[in-house]
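Visitor: Quick one: structure below, then a few questions.
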Amino acid sequence: MFTTTMDRVRTSEDRRTLEQMLRQTTLSQEIAKRVRVVLALADGASYSTIAARLACTDRFIAIWKRRFVEGGVLALADAPRAGRGHGMSAALAAKIVRHTLQTKPPAPLTHWSSRRLAAELGVAHTTVTTVWKRHELKPHRLERYKGSPDPDFETKAADIIGLHIDPPVNAVVFCVDEN
């Protein structure tokens, strides 16, 4: 059975996929080593040759040979590990996201901090920051335009922008703000 699989790697789409994986700059070194083992086996290299070239053990080679035979290219990825999961329900994460986006903290506060929101919802602040990271939420960063009540604001803004885009000859333009 394994010979058939290795023959398939020599001539098939699997080989192209494995070689493409090795060209990726974002591929982890652990997975790259597994791919190299499978390609070396497909090329007919012995365990001792592969072990010497890739600095691995016969057991490592046998494990990834078996995993590849059983599951193909996808089996070279890391398997889920045993142990305690993150322990957060999807409902809790949705509640945190909804509360972050749809409510405001009590006045005079302008945005939620992880500790304030955690106290409001009765969860740990690390839970809130975990959800914010997963959903790329940054409530402390404003992403809106603040206008001016000045009736001549648009004219003044156009003049300033015009200076930056097309300054007069021999002019020096400085930008100074309250910071």
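The values are calculated or read from the model by the stated rules, or taken from the named source; none is laboratory data. Quick caveat: nothing in here was measured; it's all calculated off a predicted structure. Ideal geometry is used to build each Cβ from the backbone, glycine not excepted, and the neighbour counts take in all protein chains shown. The accessibility values were calculated without ligands, DNA or RNA, using every heavy atom of the protein model including side chains. Shrake-Rupley method; radii C 1.70, N 1.55, O 1.52, S 1.80 Å.
Visitor: Filter the range 33-78 down to the residues that are basic (Lys, Arg) and touching a helix residue (DSSP H, G or I) at 6+ places or on another chain (Cβ under 9 Å), then identify the one that is farthest from Thr17 (Cα to Cα).
Guide: Of everything passing the filter in the range 33-78, Arg53 is farthest from Thr17 (Cα to Cα).
Visitor: Residues in the range 79-94 that are open to solvent by 50 Å² or more (accessible area, probe 1.4 Å) and in contact with a helix residue (DSSP H, G or I) (Cβ under 7 Å, 6 or more places away or on another chain): how many?
Guide: Total satisfying the criteria: 0.
Visitor: Looking only at the range 132-158, which residues are modelled with pLDDT under 80 and of a type in the set (D, E, K, R)?
Guide: Residues satisfying the conditions are Arg141, Glu143, Arg144, Lys146, Glu154.
Visitor: Now for a different question. How many residues are surrounded by fewer than 17 Cβ atoms within 10 Å (Cβ to Cβ) and in a helix (DSSP H, G or I) if we restrict to the range 34-53?
Guide: 4
Visitor: While we're on this one: Is there any pair with a first residue in the range 119-132 that is farther than 16 Å from Ser89 by Cβ and a second that is among the aliphatic types (A, V, I, L, M) and open to solvent by less than 30 Å² (accessible area, probe 1.4 Å) whose Cβ atoms are under 6 Å apart and which are 6 or more apart or on different chains, and what are they?
Guide: Close Cβ pairs satisfying both conditions: His125/Ala118.
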